[in-house]
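K.L.:
I have a structure I would like to understand better, so I am pasting it below and will then ask my questions one at a time.
The values are calculated or read from the model by the stated rules, or taken from the named source; none is laboratory data. Predicted model only: the values in this text are computed from it and were never measured. Cβ atoms come from the backbone with ideal geometry, glycine included; neighbour counts cover every protein chain shown.
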Amino acid sequence: MARILTGTGNILRRNSDNMIVRAYESTDTINLQSDKVVVTNSSNVGVETWTKTLNYNSSTMTVHTNVSLPSGYADSKFTYDGSSWAQDSNWVDRVGADHTKILADINNSTTSIVVNPVCNNMKDGETIQIGSEKMTFKSYTHNSGDTQHTMTVIRGIDSTTAAAHSAGAMVYYPLFG
């Protein structure tokens, strides 16, 4: 399974606004279920799951197969109506895709950040960004109902400065490289 940025692949479209949230290799299968979306590779191994927290399921999403991606494609940058592409007029280049929002204010030394439960596929050492500050994701814990994750991070990496961030600030997660 591989997410792609160029070429031809299978795309996952959000029905409410036709936004393409992800593109995968043509050999991958995107399975829309009533409570989640599961992506499997050509060996039928499930390698990515979009959970009910994001409200991505068979009612809210559509799969299009063997679609040629537009030049400059990035996740959540384009809409697709089944035949033509349009760039989102609100698109702003960021370090990665919108991943979640922080749920509580943090100061410039906080290393535990509470977010919605979206950390399942994140790996130790990956970079996230809030505002202009980059951080290294180390690990996460979840509450008993798995309705919140608390990420442990290293602050102010890549010559950025640790800063205070308010609840609701967007967490960006680079999907490639």
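K.L.:
Please tell me if G82 is surrounded by 17 or more Cβ atoms within 10 Å (Cβ to Cβ) and modelled with pLDDT under 95.
P.N.:
Answer is no for this residue.
K.L.:
If Q129 passes every condition in (1) touching a residue at least 60 places away in the same chain (Cβ under 8 Å); (2) in contact with a Gly (Cβ under 9 Å, 6 or more places away or on another chain); (3) not charged (D, E, K, R) but one, which one does it miss?
P.N.:
Answer for Q129: the failing condition is (1).
K.L.:
Moving on. Give, as residue ranges, the strands (runs of 3 or more DSSP E) completely inside the range 1-64 that count at least 1 residues that are surrounded by fewer than 16 Cβ atoms within 10 Å (Cβ to Cβ) and within 16 Å of the chain's Cα centre (by Cα).
P.N.:
In the range 1-64, 37-40, 46-50 are the strands (runs of 3 or more DSSP E) which contain 1 or more residues that are surrounded by fewer than 16 Cβ atoms within 10 Å (Cβ to Cβ) and within 16 Å of the chain's Cα centre (by Cα).
K.L.:
When you check N108 against the structure, is it surrounded by fewer than 14 Cβ atoms within 10 Å (Cβ to Cβ), part of a loop (DSSP other than H, G, I, E, B) and more than 20 Å from the chain's Cα centre (by Cα), yes or no?
P.N.:
Judged against the criteria, N108 is a match.
K.L.:
Considering only the range 111-136, how many residues are charged (D, E, K, R) and either surrounded by 19 or more Cβ atoms within 10 Å (Cβ to Cβ) or not assigned by TED's automatic domain parsing to the domain that holds A167 (or both)?
P.N.:
Residues that pass the stated criteria total 2.
K.L.:
Additional query: Look at the range 122-137 and say how many of its residues are closer than 21 Å to E48 by Cβ, not in a loop (DSSP other than H, G, I, E, B) and not polar (S, T, N, Q).
P.N.:
Looking only at that region, the number is 2.
K.L.:
Next up: Among the residues of the range 138-165, write down those that are among the hydrophobic types (A, V, I, L, M, F, W, C) and assigned to a loop (DSSP other than H, G, I, E, B).
P.N.:
Of everything in the range 138-165, those that are among the hydrophobic types (A, V, I, L, M, F, W, C) and assigned to a loop (DSSP other than H, G, I, E, B) turn out to be A162, A163, A164.
K.L.:
Which residue pairs have Cβ atoms under 8 Å apart, sit 6 or more places apart or on different chains, and have a first residue in the range 11-33 that is over 15 Å from S59 (Cβ atoms) and small (G, A, S) and a second that is modelled with pLDDT under 90 and outside any strand (DSSP E or B)?
P.N.:
Taking only residues 6 or more apart or on different chains, the pairs are A23/I4; A23/L5; A23/Y73; A23/D75.
K.L.:
Here is a follow-up. For residues that are small (G, A, S) and out of contact with any strand residue (DSSP E or B) (no Cβ under 6 Å at 6 or more places or on another chain), scanning just the range 49-83, find the one that is farthest from A23 (Cα to Cα).
P.N.:
Only one residue fits best here, namely S59.
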